[in-house]
Structure formats: structure tokens, C-alpha cells
Amino acid sequence: MYTGKLVFAQAMDHLPLHTLRRCIQRYNGNRHVKRFSCQDQYRCMAFAQLTYRESLRDIEACLNAQSNKLYHMGIRSRVARSTLAEANEKRDWRIYADFAQSLIQIARRLYADEELGLELDNTVYALDATTIDLCLSVFPWARFRRTRAAVKLHTLLDLRGNIPSFIHISDGKLHDVNVFDLLLPEPGAFYVMDRGYTDFERLHQLHHASAFFVIRAKSNLKFRRIYSHPVDKNSGLRCDQTVALTGFYTAQYYPDRLRRIKYYDAETDKRLVFLTNNFSIPAITITELYRYRWQVELFFKWIKQHLRIKSFFGTSENAVKTQVWIAVSVYVLVAIIKKRLNIQASLYSILQILSVTAFETTSIDQLLTRCDQAISDANFSNQLNLFD
């Protein structure tokens with residue numbers, strides 16, 4: 001029987017701690033800190049995410065109940081909710097943002113060879129945002145509307161592995177299209193978006209960067225048909241056209257030609273119109289690319305359902321961003337563990353196992369491979385699964 005490290009410590013071993021130390025040094029995270037270091041803070045917050053803790057008092061009670069195991073978890077000082085609250089309040093959230101980005105790069109390399117389900121070698125991203133509602137009286141810095149507060153999580157999801165390659169946390173007032181200004185377009189990649197991102201000036205910048213986009217067209221779009229390509233209507237396609245925009249402003253913002261594809265979805269009885277600047281791949285592939293955009297919606301639902309980002313342990317902007325970034329890093333960490341250990345179980349099942357075995361000393365590989373996939377799927381078939 002394996003009697004080595006705790007399961008929590010084994011999970012933390014998959015983290016590049018040297019990178020975390022560099023991030024802490026970059027922002028002077030441990031300046032004036034005597035006992036409760038930034039690494040202690042990260043481990044406590046990661047423990048809260050993995051074991052579904054609901055509050056600072058909950059974290060304190062659980063960890064101090066196992067105080068003889070804190071050292072073996074990598075936590076070098078006693079955990080007090082006031083100390084943890086102060087750390088979340090004052091220590092720069094960018095430490096954990098940079099660390100999460102480094103984990104994202106590791107995960108993207110691991111999942112680079114994942115099959116997308118389409119005959120397409122390009123990188124495919126889905127761009128979307130989700131709103132996390134807050135109480136205006138408690139979070140006055142996140143004013144959204146007159147009586148509401150909220151933060152927005154803008155996410156660029158790499159559909160090969162469903163790993164977020166870019167995340168920006170803003171207040172609720174930032175319009176979705178403004179996130180284009182923060183992106184560095186990748187030549188040859190596809191960016192799949194809903195019609196809320198319709199901004200032809202910014203889309204033209206993507207085009208000039210040699211990137212491709214697929215976006216839903218608005219119903220009031222003004223255009224002139226230049227050429228119609230033949231389509232197989234049995235596949236659901238209704239037209240495949242080369243068009244030019246004729247609106248006063250849109251023609252100036254996007255003077256080049258666009259590809260307009262109309263598709264009838266028999267399952268939902270809807271007619272969908274797509275615009276793209278790619279003229280080489282089949283029209284039906286464009287429609288399938290947009291169907292894959294639903295993965296980013298599942299990502300948002302998954303992290304809201306299984307990670308602690310809807311109830312916050314602090315009320316300041318720094319505390320909220322710290323918690324969100326650590327939650328993202330834990331999500332990516334579990335995805336890394338799944339890939340490195342070649343685990344077939346769903347991400348949900350892995351989280352459930354880690355949550356109830358954090359203080360055990362069984363081998364994490366043995367724990368996860370013991371999870372029977374058939375039983376897991378039968379028990380949790382109603383749960384969101386990003387890795388089917």
C-alpha cells in the first residue's frame with residue numbers, strides 16, 4: 001500500500017512551483033510577510049476549490065481540524081481566516097493571473113494533438129463572455145447597472161482540449177467587442193463568435209492579421225451578392241455566397257469581400273446565417289465550426305457549477321480576481337493531471353475523487369484509474385462534461 005504523500009500534495013506536485021515563485025518575486029508578493037506566504041495562500045485557496053469550501057470560516061475549520069497534516073500539504077503556517085482574508089485583500093492578484101497563464105501554456109501543449117472532429121489542422125478558438133452577478137452594496141466597485149453589480153469573464157477557449165488560452169476579468173459594463181483590443185491575433189487560426197461580437201472594423205483587423213473568423217450575421221445586415229456557389233441542400237445548406245457590405249459605415253470598416261453562408265438546422269427549426277473571411281474550406285465545415293462554439297458555453301456552466309466563483313471569500317476587486325484566477329488555475333491543473341496520467345474519467349469525476357480523498361495517502365494514479373468509467377458515466381450522466 002502506498003504510504004507516501006497526501007493526495008492533495010500529489011496534485012500540487014503537478015504545478016510548476018518554480019514558476020509560481022518567479023511570479024511571487026515579480027510582484028513582491030512576500031514583501032513584509034513573516035509567516036503566511038503567497039504559496040500558503042495559493043494552497044489554501046486551491047484546497048478550497050478542490051474540496052468545495054463555501055467560506056473562509058469553512059476553510060479555516062477544515063484545515064485546522066487536520067493541523068498535523070498541514071506541513072505535508074505544503075502549508076507552513078497555521079491557517080486563520082483573518083490572515084487569509086488579508087492576503088486575498090492585499091496581495092497582488094496578478095501573481096495568480098500570471099501563474100494561471102503559465103499553466104494554460106502547459107495544458108495547451110499537452111492537448112495540442114487532440115482531435116477536433118473536423119478535417120482541419122488550424123487552431124480553433126471560441127470567444128465569449130459570461131457575467132457573474134454580485135450584490136451592489138457589497139461590491140460597489142463592480143457597478144453594472146443602476147441596482148446591480150457584476151464582473152465579466154471574457155474567455156478565448158482553445159477547442160482542442162477546451163483550455164482557456166486568454167481570460168480577462170472586467171466589470172460588467174465592458175462591452176464584449178472591446179476585448180478584441182486585448183487579443184493578439186494568431187495567423188491561420190479560426191475565431192468563432194456569436195453576433196454580439198459584430199464590429200466590422202475590428203473584424204477587418206483580424207483579417208489583416210491573416211486570421212480567420214466565423215460569426216453569426218445580424219438580420220439587418222446590408223450587403224450585395226457578388227457570386228453564388230453551388231450547395232447540397234440535403235446537408236442543410238441553403239446558400240454559399242461571396243458578398244460585399246453596402247452599409248455606409250460597414251463598407252468603410254470592411255471594404256473586402258466576405259463569405260455568407262445560410263444554413264437550416266432541422267433539429268431546432270432555425271435558419272442561421274454566418275459570415276467568414278475564409279473562402280477555401282467547405283461551407284458545411286463553417287457551420288460545424290459554429291456548432292463547436294457551444295463548448296465555451298459549457299465551459300462557463302462547468303466552472304460555475306463545480307468551482308467556487310459564484311460566492312466569493314472577499315469583497316474587494318483584488319480578492320475577487322485572486323479567487324477567480326486561482327479557480328481557473330485549479331481547473332487547468334485538473335486537466336493537466338487528467339492528460340499526464342491518461343485518465344479516462346470525466347473532469348467532474350476527477351474533482352469528486354480529489355475532493356473526498358485530499359487527506360489520504362493513496363497514490364493519486366491508483367485512485368483515478370480505479371474510477372470505473374462506465375459507472376461514472378451512469379452516475380453523473382446529467383453533469384456537464386467537456387472531455388467526452
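The values are calculated or read from the model by the stated rules, or taken from the named source; none is laboratory data. Treat the numbers as computed from the prediction; the structure is a model and nothing was measured. Virtual Cβ from ideal backbone geometry, glycine too; neighbours counted across all protein chains shown. The area values use the complete protein model at the heavy-atom level, side chains included, leaving out ligands, DNA and RNA. Shrake-Rupley method; radii C 1.70, N 1.55, O 1.52, S 1.80 Å.
Under a plain spin-label model, where a point goes 7 Å from the Cα along Cα-to-Cβ, how far apart in nm are Tyr71 and Asp171?
So the label points at Tyr71 and Asp171 sit 4.8 nm apart.
Report the extension gain between Lys218 and Thr242 in nm, rounded to one decimal, defined as 0.36 nm multiplied by the number of residues separating them, less their alpha carbon distance.
Working it through step by step, the gained length comes to 7.0 nm.
Counting helices only, and only those DSSP H runs with n ≥ 4, report the 222 nm mean residue ellipticity of the chain as the sum of -39,500 (n - 2.57) divided by its residues, in deg cm²/dmol to the nearest 500. Please report the intermediate quantities before stating the final value.
Numbers: 14 runs with 152 residues, N = 388.
About -12000 deg cm²/dmol.
Take every Cα pair under 8 Å in the chain that's 6+ residues apart, average their separations, divide by the length, and report that relative contact order as a whole percent. Present the calculation step by step, with values, prior to reporting the outcome.
Details: 636 pairs, mean separation 82.5, N = 388.
The value is 21 percent.
Check Val214: other-chain or 5+ apart residues with amide H under 5 Å from its amide H, H built from backbone geometry?
Excluding prolines and chain starts, which carry no amide H, the hits are Tyr191, Val192, Met193.
If you take every DSSP beta bridge fully contained in the stretch 124-251, what fraction is antiparallel? Give it as a percent rounded to 5. If you can, show how the numbers build up before the last one.
Numbers: 26 of 34 bridges.
The answer is about 75 percent antiparallel.
Once both labels are modelled 7 Å past Cα along the beta-carbon direction, what's the Ser235-Glu201 spacing in nm?
Each label point lies 7 Å from its Cα, and together they span 3.7 nm.
Based on DSSP loop calls and a cut-off of at most 13 other Cβ atoms within 10 Å, the longest stretch of the chain free of exposed GluC sites (Glu not before Pro) is what?
On the way: sites that count: Glu54, Glu115, Glu119, Glu267.
Counting at most 13 other Cβ atoms within 10 Å as exposed, the longest clean stretch of the chain is 120-266.
Enumerate the amide H contacts of Cys239 below 5 Å, restricted to partners 5 or more residues apart or on another chain; note that Pro and chain-start residues carry no placed amide H.
Lys262
For Tyr249 and Glu119, calculate 0.36 nm times their separation in residues minus their Cα-Cα distance, and state this gained length in nm to one decimal.
43.2 nm is the gain from fully extending Tyr249 to Glu119.
Considering only protein heavy atoms and a probe of 1.4 Å, how much of the accessible area of the chain is carbon and sulfur, as a whole percent?
47
Keeping all protein chains in place, calculate the accessible area per residue for the chain (probe 1.4 angstrom), answer in Å². Present the calculation step by step, with values, prior to reporting the outcome.
Working: 18370 Å² over 388 residues.
I get 47 Å² per residue for this part.
What FRET efficiency comes out for Ala61 versus Asn178 if R0 is 30 angstrom and r is the Cβ-Cβ distance? Round to the nearest 0.05.
Details: r = 42 Å, r/R0 = 1.40.
The pair Ala61/Asn178 has a calculated efficiency of 0.10.
Normalising by the residue count of the stretch 86-178, find the relative contact order in percent from Cα pairs under 8 Å and 6+ residues apart.
Details: 133 pairs, mean separation 25.1, N = 93.
It comes to 27 percent, rounded to a whole number.
At a threshold of 8 angstrom on Cα-Cα distance, excluding pairs fewer than six apart, so keeping six or more, what relative contact order does the stretch 1-104 reach in percent? Kindly include the intermediate steps, with their values, before the conclusion.
Details: 73 pairs, mean separation 41.7, N = 104.
The normalised contact order for the stretch 1-104 reaches 40 percent.
I want to check the label-to-label distance for Leu341 and Glu360. Put each point 7 Å from Cα in the C-beta direction and report it in nm to one decimal.
For the pair Leu341/Glu360, the computed spacing is 1.0 nm.
If you take Rg and Dmax of the Cα atoms in Å from the coordinates, which of (1) 19.8, 58; (2) 21.4, 65; (3) 23.2, 74 do you get?
Correct label, based on the coordinates given: (3).
Using the per-residue mean of other Cβ atoms lying within 10 Å as a proxy for protection, in what order, highest first, do the peptides 33-40, 225-232 fall?
Values: 33-40: 17.1, 225-232: 12.0.
Sorting 33-40, 225-232 by mean packing, highest first, produces 33-40, 225-232.
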